[in-house]
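> Questions regarding the structure given below will be posed in turn.
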Amino acid sequence: MKIGSSVFDSKRKCYIMGILNMTPDSFSDGGKWSTRDLALKRAGEMIREGVDVIDVGGESTRPGYVEVSVEEELDRALPIIEAIVSHFKTPVSIDTYKSRVAAPALAAGAVLVNDIWGLKKDPDIARVVSESGASCCIMHNRVNIDYSDFMSDMLADLGESVGIAVGAGIPPDKIMLDPGIGFAKTHAMNLEAINKLDMLKSLGYPIMLGASRKSVIGLALNLPVEERLEGSLAAAVIGAMRGASFVRVHDVKQTRMALTMAERIIYG
């Protein structure tokens with residue numbers, strides 16, 4: 001998997017994408033990194049803790065989120081991307097499904113677009129990714145949860161998104177897939193998607209799992225968002241064992257230690 005100038009071994013290692021939300025209403029850390037200095041400090045912390053990619057978001061996509069304007073999303077995310085790129089060498093991702101946000105973010109130095117709508121919401125975003133030479137993370141999502149067979153339908157949905165990416169000219173080594181935990185799925189479906197993550201391998205691309213602090217953990221353990229670390233670590237380790245090449249997390253240091261131990265057990 002290529003992300004910017006970095007090449008990731010998606011066969012034998014699980015990498016960490018660290019979450020950096022520049023939003024006042026994110027479900028877990030809304031408003032916590034609300035200024036450029038705080039966000040830059042957090043980016044530095046994550047790098048010291050072992051993060052591999054930093055995912056910057058300017059719009060919350062929590063359940064029931066309210067869409068913000070392109071201008072507001074850019075005002076939140078763009079200065080942080082520019083600051084991180086100017087201070088550090090760690091690849092930066094932009095968490096957006098809007099081409100008019102993705103294009104300036106990529107021009108500012110982001111090298112991956114993390115699209116929660118799997119390139120289906122905005123018809124121009126695949127072209128923007130392709131023309132910039134960036135990578136993309138294609139997440140599974142849909143408007144309804146009217147599945148006939150959940151896992152088969154999810155694979156079919158992701159296959160459609162891959163077709164959009166390939167059709168736009170995005171190289172295969174710049175595509176990864178995300179099952180979309182918490183998006184258009186019941187609690188039982190979320191658990192199944194994590195447990196059967198290896199089924200996504202049939203599509204032939206690296207997999208990213210984003211379950212950190214989400215409701216799938218809160219419901220399973222009956223815990224509020226600030227007490228979901230252990231559940232998040234369990235999901236990350238199981239994800240790695242099921243074939244995830246990346247995990248998207250809030251708690252970088254703890255996840256790095258858990259994954260390192262898991263890799264020692266699996267690979268020696």
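The values are calculated or read from the model by the stated rules, or taken from the named source; none is laboratory data. Not measured: the values here are computed from a predicted model. Neighbour counts run over all protein chains shown; Cβ positions are idealised from the backbone, glycine included. For accessibility, only protein heavy atoms count, side chains too; no ligands or nucleic acids. Shrake-Rupley method; radii C 1.70, N 1.55, O 1.52, S 1.80 Å.
> At 0.36 nm per residue, and after removing the present C-alpha to C-alpha distance, how many nm does the segment from V166 to F88 gain when stretched out fully? Don't skip to the answer; put the middle values down first.
Numbers: separation 78, 0.36 × 78 = 28.08 nm, distance 3.07 nm.
Extra length from V166 to F88 when fully extended: 25.0 nm.
> Would you please give the FRET efficiency between D124 and D146, computed as 1/(1 + (r/R0)^6) with r the Cβ-Cβ distance and R0 = 25 Å, to the nearest 0.05?
Values: r = 28 Å, r/R0 = 1.11.
Calculated transfer efficiency: 0.35.
> How high is the relative contact order of the chain, in percent, counting Cα pairs under 8 Å that sit 6 or more residues apart?
On the way: 510 pairs, mean separation 51.2, N = 268.
It rounds to 19 percent for the chain.
> Pull out a ≥ b ≥ c, the square roots of the eigenvalues of the alpha-carbon gyration tensor of the stretch 50-89, then state rounded if a/c is under 1.5, prolate if not and a/b is larger than b/c, and oblate in the remaining case. Please list the in-between numbers first.
Values: a/c = 5.55, a/b = 1.62, b/c = 3.43.
Note, shape of the stretch 50-89 comes out oblate.
> While we're here: What percentage of the solvent-accessible surface of the chain, computed with a 1.4 Å probe over protein heavy atoms, is contributed by carbon and sulfur atoms?
Numbers: 6150 of 11470 Å².
Carbon and sulfur: 54 percent of the exposed surface of the chain.
> Sticking with this structure for a sec: Would you compute, from DSSP H runs of 4+ residues alone, the mean residue ellipticity of the chain at 222 nm, taking -39500 (n - 2.57) per run and dividing by the full residue count, rounded to the nearest 500?
-13000 deg cm²/dmol
> Now for a separate question. Can you tell me the FRET efficiency between D153 and L38 if r is taken as the Cβ-Cβ distance and R0 is 41 Å, rounded to the nearest 0.05?
Working: r = 41 Å, r/R0 = 1.00.
Taking R0 as 41 Å, the efficiency between D153 and L38 is 0.50.
> Quick one: net charge around R48, please, counting Lys, Arg +1 and Asp, Glu -1 for every other residue with C-beta under 15 Å from its C-beta.
Value of the local net charge: +1.
> For the chain, what is the accessible area per residue in Å², given a 1.4 Å probe and the full set of protein chains? Walk me through the numbers on the way to the answer.
Working: 11470 Å² over 268 residues.
Per-residue value: 43 Å².
> Stick to Cα atoms and the Kirkwood definition of Rh, then tell me Rg/Rh for the stretch 83-131.
Numbers: Rg = 10.8 Å, Rh = 10.9 Å.
Taking Rh as the inverse mean 1/r over Cα pairs, Rg/Rh reads 0.99.
> Using only the Cα atoms, what convex hull volume per residue in Å³ does the chain have? Let's see the in-between values first.
Values: hull volume 30.5 nm³, N = 268.
So the per-residue hull volume is 114 Å³.
> How large is the dipole of the chain about the Cα centre if only Lys and Arg carry +1 and Asp and Glu carry -1, each at its Cβ, rounded to the nearest 20 debye? Intermediate results must be reported in sequence, preceding the final value.
On the way: 30 positive and 34 negative charges, 159 e Å.
Charge dipole, the chain, about its Cα centre: 760 debye, nearest 20.
> Which order do the peptides 45-58, 218-231 come out in when sorted by mean C-beta neighbours inside 10 angstrom, highest first? If you can, show how the numbers build up before the last one.
On the way: 45-58: 21.1, 218-231: 14.3.
The most tightly packed comes first, giving 45-58, 218-231.
> Return the percentage of antiparallel bridges among DSSP beta bridges fully within the chain, rounded to the nearest 5 %. Can you show the working numbers first?
Values: 2 of 29 bridges.
Bridges in the chain that DSSP calls antiparallel: roughly 5 percent.
> When a/c reaches 1.5 or more, the comparison of a/b and b/c decides; with that in mind, is the stretch 174-268 rounded, prolate or oblate per its Cα gyration tensor? Please report the intermediate quantities before stating the final value.
On the way: a/c = 1.83, a/b = 1.11, b/c = 1.64.
Since a/c reaches 1.5 but b/c is at least a/b, the shape of the stretch 174-268 is classed as oblate.
> Further question: Semi-axes of the equivalent ellipsoid of the stretch 52-203: what are they in whole Å, largest first, if each equals the square root of 5 times a C-alpha gyration tensor eigenvalue? The partial results should precede the final answer.
Details: eigenvalues 138, 58, 41 Å².
The answer is 26, 17, 14 Å, longest axis first.
> Quick one: if the Förster radius is 25 Å, what FRET efficiency do V225 and E45 give, using the C-beta to C-beta distance and rounding to 0.05? Don't skip to the end; give the middle numbers.
Values: r = 20 Å, r/R0 = 0.79.
Approximately 0.80, to the nearest 0.05.
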